[in-house]
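In what follows, a single structure is set out as structure tokens and then discussed.
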Amino acid sequence: MADTPRPLVAGNWKMNGLRGSAAELTKIMSGAPEVAARADLMVCPPTTLLATFASLVQGTPVTVGAQDCHAEPSGAFTGDLSAEMLADSGAVAVIVGHSERRQYHRETDVEVNAKARAAWRAGLTAIVCVGETKDERESEKTLDVVHQQTQTSLPDGANAKNLVVAYEPVWAIGTGLTPTPADVAAVHGFIRRHLETRYGAAGNDIRILYGGSVKPSNAVELLHVPNVDGALVGGASLKADDFLGIARAYLA
Ligand code: PEP
């Protein structure tokens, strides 16, 4: 049997955190060595904190990622940030295609694909999010939606270093609801088959994270599902104890 990828537990802080939140990062860094033998840890703070956090984590097992990027390397795009700028600030990865970007900024799969390629151009890992809405799940379209999103949002030429896929059912984000382990297994297995068909052997090593209401109390159940190679954590990543509590699922 092929080795499974090394897990990644990534925290998406969204639009939360001020300079004082460095104290929470420091707590995460103190607890990181315990889990670092089994899993990678990443914190994706708001961009205002990126450079500070990147210098704080130097020499620790924690890395820092960003939450979005523009597809162009530079230019007249007021308020936007290029992947190159994020890399220059110390990010090693960037989340693209999060459902909040797809919903509030009307981002399409084609745009997400361009952002993922921009991430690669800047030497970053693209964490590409996919997932169905409540209506889509209820009308049994989950696999169709995930197929369309993976087919179009993921660029050609992916490998385990430049791509992480995050399956995040929209209805599970911030709601306290989660799919059953069997439902998670079905979607992650489906994504794995897509990655293998598309990228060959590399597709077996690309990490597929589960995201949506992961907390310490459900982490063991969700993170031990086949083809779940870690978690993308929103709300629970804002508290070091909860974030580390989730990562400790890999010590169980
Ligand atoms: C997210 O938005 O990426 C997420 C998983 O949020 P939460 O953990 O709060 O559901």
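Cβ-Cβ under 6 Å, sequence separation 6+ or interchain: first residue in segment 216-234 and farther than 24 Å from E100 by Cα, partner open to solvent by 50 Å² or more (accessible area, probe 1.4 Å) and away from the ligand (no atom under 13 Å from the Cβ). Which pairs?
V220/A252
Limited to segment 197-216, what total is found for residues that are within 16 Å of the ligand (Cβ to nearest atom) and farther than 29 Å from G176 by Cβ?
Qualifying residue count, segment 197-216: 0.
Hey, among G65, G17, which residue is at pLDDT 95 or above, at positive phi and open to solvent by less than 70 Å² (accessible area, probe 1.4 Å)?
G17
To keep it simple, each residue is scored yes or no on (1) buried (at least 21 other Cβ atoms within 10 Å of the Cβ); (2) farther than 23 Å from L195 by Cα; (3) out of contact with any helix residue (DSSP H, G or I) (no Cβ under 9 Å at 6 or more places or on another chain).
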| residue | (1), (2), (3) |
| --- | --- |
| L56 | no, yes, no |
| T60 | no, yes, no |
| S74 | no, yes, no |
| L81 | no, yes, no |
| Q103 | no, yes, no |
| R106 | no, yes, yes |
| K115 | yes, no, no |
| T125 | yes, no, no |
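Can we say P46 is within 15 Å of the chain's Cα centre (by Cα) and open to solvent by 10 Å² or more (accessible area, probe 1.4 Å)?
yes
The values are calculated or read from the model by the stated rules, or taken from the named source; none is laboratory data. Not measured: the values here are computed from a predicted model. Reconstructed Cβ throughout: ideal geometry from the backbone, glycine too, with neighbour counts over all protein chains shown. Side chains are part of the model used for accessible areas, which takes the heavy atoms of the whole protein and leaves out ligands, DNA and RNA. Shrake-Rupley method; radii C 1.70, N 1.55, O 1.52, S 1.80 Å.
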